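A.B. asks: Following this message is one structure expressed as structure tokens.
The values are calculated or read from the model by the stated rules, or taken from the named source; none is laboratory data. As the structure is a computational prediction, the values presented were derived from the model and not from experiment. Backbone-built Cβ (ideal geometry, glycine too); neighbour counts: all protein chains shown. Just so you know, the surface numbers come from the protein's heavy atoms only, side chains and all, with ligands and any DNA or RNA stripped out. Shrake-Rupley method; radii C 1.70, N 1.55, O 1.52, S 1.80 Å.
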Amino acid sequence: MELITQAPRGTKDVLPGESAAIRRIELNAMAAAERFGYNEIRTPVFEHTELFERGVGNDTDVVQKEMYTFLDKGGRSITLRPEGTAGAARACIEHGLLAESLPCKVSYISTCYRYEKPQAGRYREFSQFGAECFGPTEAAADAEVIALAVTVLSDLGGAGAYSVQLNSIGCPTCRKNYTAALRAYFAAKAETLCGTCLGRLERNPMRILDCKSPICKEIAAGSPLITDYICEDCKAHFEKLQALLQNMNIPYVLNPRLVRGLDYYTRTVFEFVSHESATEGLVFCGGGRYDGLVEELGGPPTPALGFGMGIERTYAVLQAAGTPLPGKSSPEIYIAARGEAATQAARIAADLRRSGRRAEVDLMGRSLKAQMKAANKSGAAFCAVIGESELTAGKCTVKAMQGDESYEVPLASFAASFAAKQA
Ligand code: HAM
């Protein structure tokens with residue numbers, strides 16, 4: 001039979017070792033979120049396609065080009081979630097969480113799917129740590145959300161690895177004039193725009209600003225800036241946010257060209273960009289306000305904001321920064337034994353594991369010599385050999401694999417004696 005030895009394009013196996021680092025990132029992120037008052041939400045991997053069409057926006061690259069959409073056996077159009085915000089908002093509306101006391105703060109680790117061209121840091125299946133805060137209009141909430149992302153990274157030891165880019169893309173009121181200015185600008189260059197952007201020109205010219213085609217990018221580089229069209233209220237909100245960030249000692253860089261790739265954003269938008277040389281320029285976290293999304297999805301008018309941090313990209317940035325992260329775990333003790341003694345070793349290993357210790361025994365029927373080799377390879381801190389004479393004496397010697405430490409322990413109370421020595 002032919003072997004199937006390749007994972008689908010754009011997917012990534014996380015092998016033992018790497019998985020420990022990834023788990024550390026995820027646990028740290030969720031723990032930081034808890035300190036900020038966020039509770040975990042789990043939503044389905046697939047949703048009705050319409051949720052993303054309405055939520056993320058019909059003119060976005062995500063909806064137009066990147067969704068994994070299919071008809072299920074009941075003929076319903078289903079989409080694997082390309083991001084976590086729309087599902088979280090849908091769930092909060094559906095379960096009445098937005099009718100309870102606000103703010104409603106939820107966090108998640110979600111696997112997402114986007115049919116993108118795979119490249120470094122870009123996959124078709126990836127994970128996001130996300131935090132969404134429903135309810136507040138205050139700029140203090142924007143500052144708190146950014147502070148959460150910053151805290152996640154400083155907890156992980158990645159404080160110096162990135163910069164925070166910040167912009168305000170205004171509200172629908174100030175967006176009207178800006179959209180008109182963009183339309184006029186791009187219309188004059190319409191013949192050079194890509195087919196997708198030509199379609200966006202009338203409907204949603206802001207989406208041209210994050211087109212990935214090099215020609216559209218070049219044209220967009222000279223386009224009018226939102227900052228020149230922002231209304232007084234949005235400007236005041238943005239200034240307040242900046243003052244709050246300064247007050248919290250969170251450095252940021254203003255980037256008037258930052259618009260984000262999803263339609264739901266209003267006012268504040270931000271991105272965390274790596275400045276480590278191996279991942280230079282990689283955007284690994286992005287978010288902002290989306291004050292109109294809940295209403296757009298049929299919920300009560302509820303301002304909201306949040307961010308998504310890509311787990312794989314965050315891992316890449318932390319690695320590039322040389323941040324120590326855990327790898328494959330190794331046993332604390334390897335107990336080598338054969339024959340009848342192996343039965344004792346298995347009982348001792350079970351006792352050790354029940355008391356929270358990492359213990360290994362041979363499962364391969366190896367000779368004692370080969371077991372010692374395996375103990376070495378496993379990276380065990382200690383080893384013990386149980387042979388005929390140890391069985392008879394009812395005790396054995398525990399030896400450190402590195403250095404000279406060694407001591408005797410009774411076989412009958414091995415786990416307790418080992419624990420006492422380790423304390
Ligand atoms: P996004 O910028 O599309 O925003 O994605 C957030 C993060 O997910 C990115 O910064 C990146 O780290 C990761 N990501 C996105 N696409 C890929 C990919 N193809 N491969 C690997 N990683 C990827 C959102 O998704 C919004 N829902 C964020 C948000 C939450 N805004 C408000 N609340």
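A.B. asks: For the chain, what does the accessible surface come to per residue with a 1.4 Å probe? Please give it in Å². Walk me through the intermediate numbers first.
C.D. replies: On the way: 20790 Å² over 423 residues.
Each residue of the chain exposes 49 Å² on average to a 1.4 Å probe.
A.B. asks: So if each residue of separation counts as 0.36 nm, and I subtract the Cα-Cα distance between Glu239 and Asn58, what length gain in nm does that give?
C.D. replies: On the way: separation 181, 0.36 × 181 = 65.16 nm, distance 3.12 nm.
Between Glu239 and Asn58, full extension yields 62.0 nm more.
A.B. asks: Something else about it: Quick check for me: using +1 on Lys/Arg Cβ and -1 on Asp/Glu Cβ, what's the dipole size of the stretch 27-174 about its Cα centre, in debye to the nearest 20?
C.D. replies: Numbers: 13 positive and 19 negative charges, 88 e Å.
Dipole size: approximately 420 debye.
A.B. asks: Pairs of alpha-carbon atoms within less than 8 angstrom and 6+ residues apart define the contacts here; what relative contact order does the stretch 123-219 have, in percent?
C.D. replies: Numbers: 39 pairs, mean separation 16.0, N = 97.
Averaging sequence separation for qualifying contacts and normalising by length gives 16 percent for the stretch 123-219.
A.B. asks: Follow-up question, since we're still on this one. Which three lengths, in whole Å and largest first, does the chain cover when its Cα atoms are put on their principal axes?
C.D. replies: Principal-axis extents of the chain (Cα, largest first): 92, 58, 44 Å.
A.B. asks: Another question about this same structure. Could you size up the charge dipole of the stretch 20-60 around its Cα centre, putting +1 on the beta carbon of Lys and Arg and -1 on that of Asp and Glu, and report it in debye to the nearest 20?
C.D. replies: Working: 5 positive and 7 negative charges, 69 e Å.
Its charge dipole is roughly 340 debye.
A.B. asks: Calculate, for Glu2 and Lys176, the FRET efficiency according to 1/(1 + (r/R0)^6) with r their C-beta to C-beta distance and R0 60 Å; round to the nearest 0.05.
C.D. replies: Values: r = 59 Å, r/R0 = 0.98.
With a Förster radius of 60 Å, E is 0.55.
A.B. asks: Using the alpha carbons of the stretch 33-88, what is the convex hull volume per residue in cubic angstrom, as a whole number? Let's see the in-between values first.
C.D. replies: On the way: hull volume 4.8 nm³, N = 56.
Per-residue hull volume (Cα only) is 86 Å³.
A.B. asks: Which entries in Lys377/Lys421; Lys373/Lys399; Lys12/Lys73; Lys395/Lys421; Lys189/Lys217 show an alpha-carbon gap greater than 18 Å? Kindly include the intermediate steps, with their values, before the conclusion.
C.D. replies: Working: Lys377/Lys421 24 Å; Lys373/Lys399 14 Å; Lys12/Lys73 28 Å; Lys395/Lys421 15 Å; Lys189/Lys217 12 Å.
Flagged as over cut-off: Lys377/Lys421; Lys12/Lys73.
A.B. asks: Here is a follow-up. Calculate what fraction, in whole %, of the accessible area of the chain sits on carbon and sulfur atoms when a 1.4 Å probe is rolled over the protein chains.
C.D. replies: Values: 10730 of 20790 Å².
Here carbon and sulfur together make up 52 percent of the probe-accessible area.
A.B. asks: Using +1 on the beta carbon of Lys and Arg, -1 on that of Asp and Glu, and nothing else charged, what's the dipole of the chain about the Cα centre, debye to 20? The partial results should precede the final answer.
C.D. replies: Details: 47 positive and 49 negative charges, 172 e Å.
With Lys and Arg at +1 and Asp and Glu at -1, about 820 debye.
A.B. asks: Also, I was wondering about something else. Given the options Cys211, Met309, Pro8, identify the residue whose Cα lies farthest towards the positive end of the charge dipole of the chain (+1 on Cβ of Lys, Arg; -1 on Cβ of Asp, Glu).
C.D. replies: Of Cys211, Met309, Pro8, it is Pro8.
A.B. asks: Okay, moving on. Can you tell me the relative contact order of the stretch 208-346? Whole percent, Cα pairs under 8 Å, sequence separation 6 or more.
C.D. replies: Details: 131 pairs, mean separation 19.8, N = 139.
Reported as a whole number, the value is 14 percent.
A.B. asks: Nearest 10 degrees is fine. How inclined is helix 85-94 to the longest principal axis of the chain, computing both from alpha carbons?
C.D. replies: 90 degrees
A.B. asks: Working from the pairwise distances between different alpha carbons, so that the mean of 1/r is found and then inverted, what is the stretch 358-423's Kirkwood radius in Å? Walk me through the intermediate numbers first.
C.D. replies: Numbers: mean 1/r = 0.0792 Å⁻¹.
After inverting the pairwise mean of 1/r, the radius is 12.6 Å.
A.B. asks: Now for a separate question. When the helix-only estimate is applied to the chain (DSSP H runs of n ≥ 4, each -39,500 (n - 2.57), divided by the residue count), what is the mean residue ellipticity at 222 nm, nearest 500 deg cm²/dmol?
C.D. replies: -11000 deg cm²/dmol
A.B. asks: When Rg is the radius of gyration of the Cα atoms in the stretch 82-214 and Rh is its Kirkwood radius, what does Rg/Rh come to? Provide the component values of the computation, followed by the final result.
C.D. replies: Numbers: Rg = 18.6 Å, Rh = 18.3 Å.
Reported Rg/Rh (Cα atoms, Kirkwood Rh): 1.02.
A.B. asks: If you line up the long axis of helix 368-378 against the longest principal axis of the chain, both from Cα atoms, how many degrees apart are they, to the nearest 10?
C.D. replies: Roughly 20 degrees, rounded to the nearest 10.
A.B. asks: By how many nm would the segment from Arg353 to Glu232 lengthen if fully extended, with 0.36 nm per residue of separation less the alpha-carbon distance?
C.D. replies: On the way: separation 121, 0.36 × 121 = 43.56 nm, distance 6.34 nm.
Length difference between fully extended and current span is 37.2 nm.
A.B. asks: List the relative contact order of the chain as a percent without decimals, with contacts defined as Cα pairs under 8 Å and 6+ residues apart. Spell out each step's value before the answer.
C.D. replies: Details: 745 pairs, mean separation 69.1, N = 423.
Once divided by the residue count of the chain, the mean separation gives 16 percent.
A.B. asks: Show me, for the stretch 6-22, the HN-Hα J-couplings you get by feeding each phi into the Karplus relation (A = 6.51, B = -1.76, C = 1.60, θ = phi - 60°), rounded to Hz, glycine and proline as x.
C.D. replies: Values, residue by residue: 10, 6, x, 3, x, 9, 9, 7, 9, 8, x, x, 4, 4, 5, 5, 4 Hz.
A.B. asks: Using only the alpha-carbon atoms, how far is helix 311-320 inclined from the longest principal axis of the chain? Give it as 0 to 90 degrees, nearest 10.
C.D. replies: Helix 311-320 sits at roughly 70 degrees to that axis.
A.B. asks: For Ser378 and Ala423, FRET efficiency with R0 = 22 Å and r from the beta-carbon atoms, rounded to 0.05? Could the numbers behind the result be given before it?
C.D. replies: Details: r = 23 Å, r/R0 = 1.05.
Calculated transfer efficiency: 0.45.
A.B. asks: Separate question: Could you compute the FRET efficiency for Ser77 and Asn247, with r as their C-beta to C-beta distance and R0 at 41 Å, rounded to 0.05? Walk me through the intermediate numbers first.
C.D. replies: On the way: r = 47 Å, r/R0 = 1.15.
Efficiency, from the Cβ-Cβ distance: 0.30.
A.B. asks: Okay, moving on. Would you list which lysines come within 25 Å of Lys240, measuring only between C-alpha atoms, while excluding same-chain residues fewer than 8 positions from it?
C.D. replies: Lys105, Lys176
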